[in-house]
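Colleague: Sharing a structure here in structure tokens format.
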Amino acid sequence: MDQGGKGSGASPEAELVGSVERVTYTHEESLYSVLRVSAEKGYGPPADRYPFAPDLVTAVGRIDRPAPGLRVRLGGRWIEHKEHGTQFEFETVEVLPPAGRSGLVKYLASDRFEGIGEKLAERIVAQLGDDAFVEMLAHPEKLELVKGLRPGVREKLLTAVALDFGTHKAQGFLRGHGLGPVQAAAVVRKLGPEAEDLVRADPYRLAGAVGGIGFATADRIAHALGVSPDDPRRGRAAILHALQEAAGDGNTLLPRTELVASAGTTLEDAVPSTVLEECVDELARTSAITVDATLDGIQRVYLPHLAHCERELAKNLARILRSGTRTPFADATDLERAERKSGVLLHATQREAVLGLLARPLALLTGGPGVGKTTITRFVVQLAAAKGAKILLASPTGRAAKRLSEATGEQAQTVHRLLGYDPTTEGFVHDARNPLDADLVVVDEVSMLDVVLAHHLLKAIQPPTRLVFVGDPDQLPSVGPGNVLRDLLACEPVPRWRLTEIFRQAQGSRIVVNAHRILRGEEPELPPRGDRASDFYFFGEDDPELAAELLVDVVTRRIPETFGLTWVDDVQVVAPMYRGACGVDALNERLRLALGAGGREVRQGARAWRTGDRVIHTRNDYEKEVFNGDMGRIARVSGDGTVFVKFPEREVPYEGSELSDLQPAFAITVHRAQGAEFPAVVIPLVPQHWMMLQRHLLYTAVTRAKKLCVLVGSRRALRMALDNTDESTRQSALADRIGRALAAP
């Protein structure tokens, strides 16, 4: 909800103690609330600034489950809101026992306690006294003496009171140790009202309990609670943290020695390696991790779900490869007829690829831009359809699926939608027991397929269904863990056709030619000065701030004027990093200002969302059916702060904490751009991004452009990217597992 409109003056840190008389507004997700509080004596607005303090004051901030009658101690400051006047803006909350009998009665009679009206509340207080809540929790049998309090209502009351005070007490404890209100509430929802006792017993259970809380936060709280640096609990948490970090970097596993070394570095060697080895064994015994001994004697250590996915993926791939020969969907005569009908004459290598893909239970088609992957995919689909085959087409992202539909003329969908998500089971509808009903499944942009999604896909494919993977191994690998395409290419028994020759129709495109030059480490070919008919340009500027200004001018003025493109819809900035003047964050701010969209906006923390903003969804949300990488525009913002995003297929609402699933998308990282294609792409290149300036990253960025690619920045940075062929090697055992599964009797 928009909390803007503050006045410039704010008092020093202050406290407000009082009882909630009315809850004017509260948001279930964000916890943002507007309360009317009856301040106790000495806790109202400062008399020197507010000589005519009202009986009731407005308090705004984040609190979980506020209710009339709730007595609170709020920490924050007094402010002057330009529209609503004097307010107390609070950041900390401590729930206190209700003060006085009237407060107790009001609190008990609130909607918080089912079946307790005002008369019954008065009888409870009369029986238990001013310490009614303490008494009922310590001596619940006393409630049996209250006339008219039925056993069922009595049990619900005891449960609600225990939950209420346990919840607020636990949240106060967590917020006192630095967690934000939303995080604290989420932890209590996960661990229950006894969260404080559980966290005191083992602070490291916080790591991974809810989003945004990792090892560093848990370790800080553990230190504050007196946990010693060499405590084995700390060692076990560091082991899990190292595996989670490795998965975030794309690895499915870590060798045991590397894992122990990584955990030791995190702990600054406070825990001896011998103790960390014992921690690995203990975590394995409790199934918190999976340790896999291999033939070469190296132990591979996994998070359990990644071990399961990699193991089952290998088994299912081997099962399909061993499922026997298939009757080809087409022969040379069928292909020749299809060529004549379409007016396309294929090269011999392309014909070989088409016929090979149509005759195998599982096969790969790979290659870069301009080599004919799209043409071959179209022929494969058309020839299989001509034989009556039922075909399903999919890609990891919505944009890539749309491109596949346009290329083949057939409907394509994301892999997630292909498999179907069932919110009741939190799993996919299609699996080994309910496989996909198809003769042929074609999956494009397979370089983006991580090991988890690939596992679910292969589980849902049962013979005689055939599978064709299409992708570019020179693209960046998937955001999620695994390196499925390269692992498949490393496994010799997997049939594959790799195309390398740029065909005549693509040779006139500098985008295609330069993409291949970049892969060879050669500088891009540029058009003569003044040429306005090219599809590839470079605008030089060494200073990062000036380069950012130049980029905005190129995006918002020069490209629209020269090429007639609408920059808000057709031009995508793709940057190597988030930070710096030419990073994603700063460029999004500049481009947003250039857009100048008006209308209502909503704030979440330091970020504001408003009508017209281009946004990208950053996680898989199966219930909303919006997935990581889907891009849209904010169509409107409602009065209650709900943001409606228009995606290509439909409009989706976001409210409260759901807004954290969105990021601005006038500029996005190269990784976020994977699988997408845009009419025009503008790429900033500055030496400050040296950590990410790498040949395959630049290649991936350039190949996102369909009609126009513009580089803006330093030639030195361009050379740095071309010269840097280092790629972080992802740790995976998929290829080895496939080989062993195929060799098994």
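Rundown of residues vs (1) open to solvent by less than 40 Å² (accessible area, probe 1.4 Å); (2) closer than 18 Å to PRO477 by Cβ; (3) over 28 Å from the mean Cα position of the chain (by Cα), yes/no style:
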site: VAL645; (1), (2), (3): yes, no, no
site: GLN688; (1), (2), (3): no, no, no
site: VAL710; (1), (2), (3): yes, no, yes
site: ASP726; (1), (2), (3): no, yes, no
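Colleague: When only residues in the range 61-71 that are among the aliphatic types (A, V, I, L, M) and crowded, with 21+ Cβ neighbours inside 10 Å count, which is farthest from SER30 (Cα to Cα)?
Modeller: For the range 61-71, the residue satisfying everything is LEU70.
Colleague: Now for a separate question. So how many residues does the range 361-382 have that are buried (at least 22 other Cβ atoms within 10 Å of the Cβ) and in a helix (DSSP H, G or I)?
Modeller: So the answer is 6.
Colleague: Of the conditions (1) open to solvent by 40 Å² or more (accessible area, probe 1.4 Å); (2) over 24 Å from the mean Cα position of the chain (by Cα); (3) farther than 16 Å from GLY540 by Cα, ARG716 fails just one. Which one is it?
Modeller: (3)
Colleague: Name the one entry in ALA218, ALA186, ALA222 that is surrounded by 19 or more Cβ atoms within 10 Å (Cβ to Cβ), closer than 25 Å to GLU28 by Cα, at pLDDT below 95 and under 28 Å from the mean Cα position of the chain (by Cα).
Modeller: Going through ALA218, ALA186, ALA222 in turn, the sole match is ALA186.
Colleague: Are any of the residues in the range 415-431 open to solvent by less than 10 Å² (accessible area, probe 1.4 Å) and in contact with a Pro (Cβ under 7 Å, 6 or more places away or on another chain)?
Modeller: Yes, the conditions are met somewhere in the range 415-431.
Colleague: Still on this model: Please indicate, with yes or no, whether at least one residue in the range 31-43 is at pLDDT 80 or above and among the aromatic types (Phe, Trp, Tyr).
Modeller: Within the range 31-43 (the criterion being at pLDDT 80 or above and among the aromatic types (Phe, Trp, Tyr)), the answer is yes, since at least one residue qualifies.
Colleague: Pairs, please: C-beta under 7 Å, at least 6 apart or cross-chain, first residue in contact (Cβ under 8 Å) with a residue 12 or more places away in the chain and in the range 175-195, second hydroxyl-bearing (Ser, Thr, Tyr) and not in a helix (DSSP H, G or I)?
Modeller: ARG175/THR92; VAL182/SER30
Colleague: For the range 691-704, what are the residues that are open to solvent by less than 10 Å² (accessible area, probe 1.4 Å) and closer than 17 Å to PHE536 by Cβ?
Modeller: Within the range 691-704, LEU698, TYR699, THR700, ALA701, VAL702, ARG704 meet the criteria.
Colleague: Just a yes or no: is a residue in the range 396-404 surrounded by 17 or more Cβ atoms within 10 Å (Cβ to Cβ), among the hydrophobic types (A, V, I, L, M, F, W, C) and either out of contact with any strand residue (DSSP E or B) (no Cβ under 8 Å at 6 or more places or on another chain) or in contact (Cβ under 8 Å) with a residue 60 or more places away in the chain (or both)?
Modeller: yes
Colleague: Go through the range 79-104 and count every residue that is out of contact with any Lys or Arg (no Cβ under 7 Å at 6 or more places or on another chain), farther than 21 Å from LYS169 by Cα and open to solvent by less than 40 Å² (accessible area, probe 1.4 Å).
Modeller: Going through the range 79-104 one residue at a time, the tally reaches 3.
Colleague: Consider only pairs whose beta carbons are under 7 Å apart and that are at least six residues apart or on different chains; among these, list those whose first residue lies in the range 722-745 and is without any contact (Cβ under 8 Å) to a residue 60 or more places away in the chain and whose second residue is assigned to a helix (DSSP H, G or I) and not acidic (Asp, Glu).
Modeller: ASN724/ARG695; GLU727/HIS696
Colleague: Now, a different point. When the range 489-504 is examined, which residues are found to be assigned to a helix (DSSP H, G or I) and either crowded, with 19+ Cβ neighbours inside 10 Å or without any contact (Cβ under 8 Å) to a residue 12 or more places away in the chain (or both)?
Modeller: ARG504
Colleague: With the structure loaded, tell me whether ASP472 is farther than 23 Å from THR618 by Cβ and in contact with a helix residue (DSSP H, G or I) (Cβ under 8 Å, 6 or more places away or on another chain) or whether it fails that test.
Modeller: Yes; evaluated as a whole, the condition is true for this residue.
Colleague: Still on this structure: Can you tell me which residue is nearest to the chain's Cα centre (by Cα) among those in the range 605-627 that are under 18 Å from TYR578 (Cβ atoms) and open to solvent by 50 Å² or more (accessible area, probe 1.4 Å)?
Modeller: In this case the residue turns out to be ARG619.
Colleague: Do the conditions hold for PRO684, that is, is it open to solvent by 10 Å² or more (accessible area, probe 1.4 Å) and closer than 30 Å to VAL568 by Cβ?
Modeller: When the stated conditions are applied, PRO684 does not pass them.
Colleague: Quick check on GLY356: is it among the small types (Gly, Ala, Ser), farther than 12 Å from VAL442 by Cα, part of a loop (DSSP other than H, G, I, E, B) and open to solvent by less than 50 Å² (accessible area, probe 1.4 Å)?
Modeller: Answer is no for this residue.
Colleague: Pull up the range 340-353, narrow it to residues that are out of contact with any Ser or Thr (no Cβ under 9 Å at 6 or more places or on another chain) and aliphatic (A, V, I, L, M), then point me to the one that is nearest to LYS387 (Cα to Cα).
Modeller: ALA353
Colleague: Further, regarding this structure: Go through the range 54-173 and tell me which helices (runs of 4 or more DSSP H), entirely inside it, have 1 or more residues that are in contact (Cβ under 8 Å) with a residue 60 or more places away in the chain and over 43 Å from the mean Cα position of the chain (by Cα).
Modeller: 100-108
Colleague: Within the set of pairs 6 or more residues apart or between chains, which connect a residue that is closer than 10 Å to PRO684 by Cβ inside the range 545-568 to a residue that is part of a helix (DSSP H, G or I) with Cβ atoms less than 7 Å apart?
Modeller: Short answer, once both residue conditions are applied: ALA548/ALA586; ALA548/LEU587; ALA548/ARG590; LEU551/LEU587.
Colleague: Here is a list of conditions, (1) in a loop (DSSP other than H, G, I, E, B); (2) exposed (fewer than 13 other Cβ atoms within 10 Å of the Cβ), and LEU526 meets all of them except one; can you say which number that is?
Modeller: Unmet condition: (2).
Colleague: Moving on to the next point. If only one of SER30, SER19 is out of contact with any Leu (no Cβ under 8 Å at 6 or more places or on another chain), touching a residue at least 60 places away in the same chain (Cβ under 8 Å) and within 23 Å of ALA184 (Cα to Cα), which one is it?
Modeller: SER30
Colleague: Now, a different point. Does GLU677 satisfy the criteria of being in contact (Cβ under 8 Å) with a residue 60 or more places away in the chain, of a type outside the set (S, T, N, Q) and farther than 29 Å from ASP542 by Cα?
Modeller: no
Colleague: Within the range 328-346, can you find the residues that are surrounded by fewer than 17 Cβ atoms within 10 Å (Cβ to Cβ) and among the small types (Gly, Ala, Ser)?
Modeller: Of everything in the range 328-346, those that are surrounded by fewer than 17 Cβ atoms within 10 Å (Cβ to Cβ) and among the small types (Gly, Ala, Ser) turn out to be ALA332, SER342, GLY343.
Colleague: Quick one: which of GLU21, GLU13, GLU28 is modelled with pLDDT of 85 or more and either over 19 Å from LYS106 (Cα atoms) or among the acidic types (Asp, Glu) (or both)?
Modeller: After ruling out the rest, the residue left standing is GLU21.
Colleague: Okay, moving on. Looking only at the range 571-600, how many residues end up being crowded, with 18+ Cβ neighbours inside 10 Å and at negative phi?
Modeller: The total comes to 17.
The values are calculated or read from the model by the stated rules, or taken from the named source; none is laboratory data. Remember, it's a predicted structure, so these values are computed and weren't measured experimentally. Here the Cβ is made from the backbone with ideal geometry for all residues, glycine too, and neighbour counts use every protein chain on show. The area values use the complete protein model at the heavy-atom level, side chains included, leaving out ligands, DNA and RNA. Shrake-Rupley method; radii C 1.70, N 1.55, O 1.52, S 1.80 Å.
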